[in-house]
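The structure appears right after this line, and notes come after that.
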Amino acid sequence: MIRQTVNPFNQDHMATRFFERQSRDRMRNGLAGLICLAAAAMLSASHAAAQDPAAAAAPVQQAANDSEQQNWTEQSRPAQQRVAKIYGAGGLRGLEAYQSGFLVSPEGHLVTAWSYVLDVAPIVILDDGRRFDAEIVGIEPALELAVLKIDATNLPFFKLEKDLQVQWGDPVLAVSNLFGIATGNEAASVMQGSIAGITKLDARRGTFKTPYRGKVFLLDLIGNNPGAAGGAVVRYDGKLVGMIGKELRDSETGVWLNYALPLETLRSAIGDIIAGKVSTKPKEDQPILPRDQSHNLTTLGLILVPDVLESTPAYVDSIKKDSLAAVAKLKPDDLILLLDGQRIGDQKTFTELLRRIDRRDAFSLTIQRGSDILPVRLQP
Amino acid sequence: MTAFRITTFQFTCQLIGVVVITLHLLASQVSAETNSPVVVPKLVQQAEQARIKAINKARPSAVSVFMPGGGGGGSGVLISPEGYALTNFHVTSPAGSYMKCGLSDGRVYDAVLVGLDPVGDLAMIKLLGRDDFPVATLGDSLKSKAGDECMVIGNPFLLATNLQPTVTYGILSGVGRYQYPSGTLLEYADCLQTDASINPGNSGGPLYSSQGDLLGIVGRGSFEKRGRVNVGVGYAISINQAKNFLGYLSSGRIVDHATLGATVTTDPDGGVVVSNILESSDAYRRGMRYNSEILELAGRPVSTANDVQNVLGTLPNGWRIPITFREEGKTIETLVRLPGVHRRDELLTKMASAMPPPPPVPDQPGDKPDNQEDQPQRRRRPAQRPDPNAPQPKAPKPESPKPQPHGPGPGGARKKPVKIPPQAMALIKNREGFANYYFNQQNQDRCFKSLQDQFPAGETWKLTGKTADGKDIKLLLSNEKCVVSLGDRSLELKAKSDFFDAVDTGNDAALLVALDSLRRLMLLGPEKFGETYYWGTMPLGGQRPLRDCMLGTSQEIEHRWLMHPETGALECIEAFADRDTDPAEAWLEYDNGKLTGLDLRFGVESKRKITELQIEFDAQTTSDAAPAKETAAANDGEDQ
């Protein structure tokens, strides 16, 4: 009898959950999980009739009322109201120009997955159909996390709670704009399932192409569809427990992974970005230096890919021998993401920011190499 | 939910009779190893019992559809004890008029095609051989909400070769979804989205609520890069839409959906406004103009263009519905007649091109990059989302499951000619423009029979009554002439063009046109009257219940006779002369079942009210026995 305390929402799931806890305990006693679950389920069916109802868990029984059929219905609407549709770059070669996000403050802070969609200033459409131009407040490449801000107030939002004690077996809803199904004022899609496992993705490096190295929730629902990234994973008690990750496919088996990033690993990064402790916005207070005093691509020995687009990503094309960049072991195809914590959206931003750094000073870059996010220090 | 689901899974298995033994073995092992028996909370037990009950309620009405000769199949659901069932157009289209259907009672029934709605992807079929088929309880899909538990029962991957359907469970992921037309025909309006597994072969089958009530007809899924299997997104046509179409489908026709004759757009400041309107549309005649703001449609408030399309897309061509709009600061509540999305020939042409191509030679990789894939054997453009940046989905070639739903199986084997048994053959009648004319004939006979109970086949009809201002009014209808006399004025219709003009100009003589159509119908019978057929059911004056509508064209005027669904009483005769003007409507008013008054209306205005109505028929032929044949010779009908 672990958790009879709260959860006025749904006795059904309460009971189910309780039941799962039992299964878990059993598993800890040395039985294989799957067999146990199947067996427990079997017992529930075959013994149910024979069992004295009074023997069933009393507190749960007391909680019983006629709300049997509510299930997810009550949790869906509030969750949908906190999820937004995000539109941005893409639309080519199977790259969808949309994804999902969710509100984490009444003033319009949204958490979403950091992706190519955010390569342009994104547009956010809220559940009520209102449309906003959003600003990217901060990104955390290693968590594939981005925080956006829209100019609005009094919005419904998810609290970023601590110590949620999420465990496998927890029933969850995944709420997202998968496949871009919801348009205008249509509500995001809700899907139900449970957390099937909690594990790390990097057990076999290279299997999944993601820079994320932390824990993930494996979901038994098909949550990670195109456009679902950045959606909310909400537990049976209505609490936000995670963010739907970008689509990942096992490079060996071709199996698509259904997973979410736990809130606990995102929480402090989100908090820091919102609190302004970390900002990836360019710092305007540093003056632009004369050309012969500041850093530039030549002083670094860095050659980027041709800047032919309005917003060309800062991909390294080649490195001059014995240059600063070579010493720092930068390599062709590295993508420069951050300069001293400031987001490098494109090459123009990068060269502009370099103008503000004295060429005698050292600075840091955050780069993406393959699916790794790496810090690099350039020391003159 | 995991344990929960496994109980259901296990339960389902018990029902279906698979893998139970394995689990039982496991169970006994476990109970031996752990001394304390597992205590199942009562709520879990209750929930499980409720689910068992719902599945037991729902399963018998689920139909597994198979093409005779192994040419594919799908699912369906029974909605009447006589065997009428709903499925998808794209399930029946490869089959033609005859198919085999299995129920969970383990029996296989012959079935014939009844009606088709290619735009809404619905088809009605009739199972034969019983008059006590188990039927689904129709729910109210408008009351459904995202998060509601639901289940899909059907024939995925055509697994139900033992005739036991597969049950999958989930929740409604979204309601009121609008899915853009896929290819040139299909449009899913106001549909339900679910995460219950929907796979090829589930098409046409039922989506039930957690109580086992029918919420929708499964139709398509978002299948993208993961191959042609469930990716957690399936769509069902709402049962409320299907309900609107039941009468139309039962007519044996190929039916079309409604449009407004205007396009709308969501105003950035909120609300939905008219962005274009046809001057010939009924909406225009009722005062709707460019920039009018539409507030309500068919009783549902609308605030976006999708809302409007969600209502219109669920309505059949030809319905007249209430509408509220604001024009120049004035709120107008009125009725509007909805034209069809397609012209009749256009629909048939498009439908023919939507039919599956001849069976392909073994699976050809990479030829179907569809994203909203519902018709594996049909070539279409991928569905478009409104976002202009939306990607063209690029799918690696999915592996086709072995038995191929909805289409001929792999190997390219041409279907063997199917031998249709005589009892099914008797219920199939091909006619251009109809899915199965047999059912139209049945309905015509039913309606005509009902009219015969009310009106004799008299050659001359004399009607007298009083107008609103107390004047005497007389109407005389005969083969030679039709005259209306009001006080000392009288109008006479002689030539064919007189009839047309009377309706077109909207004068009192239009009443003669409407009533004379009835007189001639009773005298000649439907076959001799002109091109006559049963149209379906529609609201009268925007109001339910839905009335039976029989339609007959004669002398370039289209007549519609609308009859009450229960009493059969003729309530209104509509006469359409020019498509761009209001029809004449003769409303028949009853007092205690006796016809006592008439009301001639144009648009939404009453033109002439007649009370204290008396009718005299010449008692020439009032017998039920084949009136049409007897009088046909004497009536050319053309020379009036």
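Taken together, the residues in segment A:236-253 that are open to solvent by 10 Å² or more (accessible area, probe 1.4 Å) and out of contact with any Ser or Thr (no Cβ under 7 Å at 6 or more places or on another chain) amount to 6. For first residues located in segment B:34-63 and within 8 Å of chain A (Cβ to nearest Cβ) and acidic (Asp, Glu), partners that are buried (at least 22 other Cβ atoms within 10 Å of the Cβ) and not in a helix (DSSP H, G or I) and lie 6+ apart or on another chain with Cβ distances below 9 Å form the pairs B:Glu48/B:Val40. Does segment B:301-310 contain any residue that is of a type outside the set (Val, Ile, Thr) and within 16 Å of the chain's Cα centre (by Cα)? Checked segment B:301-310: at least one residue is of a type outside the set (Val, Ile, Thr) and within 16 Å of the chain's Cα centre (by Cα).
Taking (1) within 14 Å of chain B (Cβ to nearest Cβ); (2) more than 19 Å from the chain's Cα centre (by Cα); (3) open to solvent by 30 Å² or more (accessible area, probe 1.4 Å) in turn, A:Ile198 satisfies each apart from (2). Could you tell me which of the residues B:Asn436, B:Asn479 is more than 30 Å from B:Arg130 (Cα to Cα) and of a type outside the set (Phe, Trp, Tyr)? Being more than 30 Å from B:Arg130 (Cα to Cα) and of a type outside the set (Phe, Trp, Tyr) holds for just one of B:Asn436, B:Asn479, which is B:Asn479.
Is at least one residue of segment A:131-144 of a type in the set (Phe, Trp, Tyr), crowded, with 21+ Cβ neighbours inside 10 Å and modelled with pLDDT of 90 or more? No, segment A:131-144 has no match at all.
Restricting attention to segment B:148-167, the residues being touching a helix residue (DSSP H, G or I) at 6+ places or on another chain (Cβ under 9 Å) and open to solvent by 30 Å² or more (accessible area, probe 1.4 Å) number 4. Reported count of residues in segment A:87-139, each being among the hydrophobic types (A, V, I, L, M, F, W, C), assigned to a strand (DSSP E or B) and more than 21 Å from A:Leu261 (Cβ to Cβ), is 4. Of the residues making up segment B:529-557, those that are crowded, with 18+ Cβ neighbours inside 10 Å and more than 19 Å from the chain's Cα centre (by Cα) are B:Phe529, B:Gly530, B:Thr532, B:Gly552, B:Ser554, B:Gln555, B:Ile557. One residue stands out in segment A:158-185 among those that are part of a loop (DSSP other than H, G, I, E, B) and at the interface with another protein chain (Cβ under 7 Å from one of its Cβ atoms): the one that is surrounded by the most Cβ atoms within 10 Å (Cβ to Cβ), namely A:Ala182.
Tell me, please, whether a residue that is within 30 Å of B:Arg343 (Cβ to Cβ) and touching a Cys at 6+ places or on another chain (Cβ under 9 Å) can be found in segment B:124-134.
Restricting attention to segment B:124-134, the residues satisfying the condition of being within 30 Å of B:Arg343 (Cβ to Cβ) are B:124-126.
Checking which are touching a Cys at 6+ places or on another chain (Cβ under 9 Å) leaves us with B:125.
Scanning segment B:124-134, I find at least one residue that is within 30 Å of B:Arg343 (Cβ to Cβ) and touching a Cys at 6+ places or on another chain (Cβ under 9 Å), so the answer is yes.
Counted as qualifying within segment B:41-118 are the strands (runs of 3 or more DSSP E) with 2 or more residues that are among the acidic types (Asp, Glu) and within 23 Å of the chain's Cα centre (by Cα), namely B:108-117.
The values are calculated or read from the model by the stated rules, or taken from the named source; none is laboratory data. Values in this document were obtained by computation on a predicted structure and should not be read as measured data. Cβ sites come from the backbone with ideal geometry, for glycine too, and all protein chains shown count toward neighbours. Heavy atoms of the whole protein, side chains included, go into the accessibility calculation; ligands, DNA and RNA do not. Shrake-Rupley method; radii C 1.70, N 1.55, O 1.52, S 1.80 Å.
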